[in-house]
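Okay, so here's the structure we're looking at.
The values are calculated or read from the model by the stated rules, or taken from the named source; none is laboratory data. Everything quoted here is computed from the prediction, not taken from an experiment. Here the Cβ positions follow ideal geometry from the backbone for every residue, glycine too, while neighbour counts run over all protein chains shown.
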Amino acid sequence: MKNLIIAPIVLIATFAVTTSGQVKSEVAENDQRGSQSATPGQDPANATGARVSGQDTKVPAPSEDPGSGPNVQSHPKSDFNNHAGTAQLRRVSAVTEKSLSNETTDGTKAVTPNPNPRISTSATARSSNSGTNSSSPAATSASQLYRVGIYDVLDIRLAGNPSANSTLFTVLVSGLIEYPLAGNPIPVAGLTTAEIADIIRQRIRIFEKPAITVNVRDYASHTVTVTGFVTAPGTKILHREAVPLYAILSEALVLPEATRATIKREGRAPIVVDLKDSNLSSPLVVPGDAIRVSLMPPGPTEFFFIGGKINSPGQKPYHAGLTLTQAILASEGVSTSAGSRVRVSRQGSDGLLITEEYNIRKIQSGKMPDPVLQKGDRIEVTAVN
């Protein structure tokens, strides 16, 4: 009786062990197949779809119909697709970021072909355009611009305003104008008429989108002075920030004998213009300039010559009454190695040179008269003995 009871138990145990081994074998076989089908570089666990005891867990190939395979749970395959898609998007994002940050040596953006046509390239286009400023309009020339100044009279008109009040407003010494509809006084000095119109338009509250026009009725703030060889000297008013010189001279009526104009400007060296050269009569004049029209001084026709131990040797202009010490000073003085003796040579009536020697130190101390030179004299400052 005991043997009859034990026999079924042994059979049940044997069947359980056999079934367990078969399940383990199938699981191992599935693991091996999943490892072989996995793409190199991927986690085999991701490539293996799912493990179900007693069922074939083979993941269908891309060309296979998933519905024709064994009954496999859907969520493992979905998990596989999610991992693969995420990895692909990460790779595409990395390539896109690299292309956006890839700058060439000349500072422009290098364009990398889109690795995935399904991903829009609009982000790349926006990134490329975001660092490019729109081209600003060219700066207005000073000869085409006027900035309002003190004592200028502005004509301010409001479209549709039935008021009979004056439209003329003078810029005060403080640089302000008092326009009633704008409330407090408006600072306008240094602004263009277009900028003033914008400010007034923003200040007016009783009209919606008022149409404002501002013009300069009387110019008074930009002035220059003209003196010298002109028929109408005095103060001239500019209607621009800069005006060509010839326009001012035509208003001043330059005399025929005038040959040059000198423009004096604060903080700058004088500008000398030859009026006989038409190409040189168009430099720009700005407010505050002083213009003097004069004659060109005649060039020297007589010379003396100096050399030796002198700081500026060469041919020098001569004038009647020029003395030896004056000639030395006009040549920037003697050098440190100069002696006290100076030789002056001039041509005699027979064509031969006549030389006289002078002691410059005695002349300077008043012990010897300062000789008067003649045109064509040759002066030599000797070295110290």
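For this structure, a couple of remarks:
- Conditions (1) buried (at least 17 other Cβ atoms within 10 Å of the Cβ); (2) at pLDDT below 95; (3) among the basic types (Lys, Arg): number failed by LYS236: (2)
- A count restricted to the stretch 255-275 and to residues that are in a strand (DSSP E or B) and charged (D, E, K, R) stands at 3.
- Taking every residue in the stretch 307-322 that is without any contact (Cβ under 8 Å) to a residue 24 or more places away in the chain and pairing it with any residue that is of a type in the set (Asp, Glu), at least 6 positions away or on another chain, the pairs with Cβ-Cβ distances below 7 Å are SER312/GLU332.
- Summed over the stretch 175-194, residues that are surrounded by 14 or more Cβ atoms within 10 Å (Cβ to Cβ) and either of a type outside the set (Gly, Ala, Ser) or on the phi > 0 side of the Ramachandran plot (or both) total 11.
- Inter-residue pairs, beta-carbon under 8 Å, first among the hydrophobic types (A, V, I, L, M, F, W, C) and in the stretch 265-279, second surrounded by 12 or more Cβ atoms within 10 Å (Cβ to Cβ) and part of a loop (DSSP other than H, G, I, E, B), 6+ apart: ILE271/ARG265; ILE271/PRO283; VAL273/SER281; VAL273/PRO283; LEU275/ALA258; LEU275/THR259; LEU275/SER281
- Taking every residue in the stretch 203-229 that is assigned by TED's automatic domain parsing to the domain that holds ARG265 and without any contact (Cβ under 8 Å) to a residue 24 or more places away in the chain and pairing it with any residue that is in a loop (DSSP other than H, G, I, E, B) and not hydrophobic (A, V, I, L, M, F, W, C), at least 6 positions away or on another chain, yields no pair with a Cβ-Cβ distance below 7 Å.
- Hits in the stretch 330-376 - residues which are β-branched (Val, Ile, Thr) and in contact (Cβ under 8 Å) with a residue 40 or more places away in the chain: VAL334, VAL342, VAL372
- Members of the stretch 218-254 that are outside any helix (DSSP H, G or I) and either more than 25 Å from ILE150 (Cβ to Cβ) or small (Gly, Ala, Ser) (or both): ALA220, SER221, GLY228, PHE229, VAL230, THR231, ALA232, GLY234, ALA242, LEU253, VAL254
- Extreme residue, modelled with the lowest pLDDT, among residues of the stretch 241-274 that are within 15 Å of GLY228 (Cβ to Cβ) and among the basic types (Lys, Arg): ARG260
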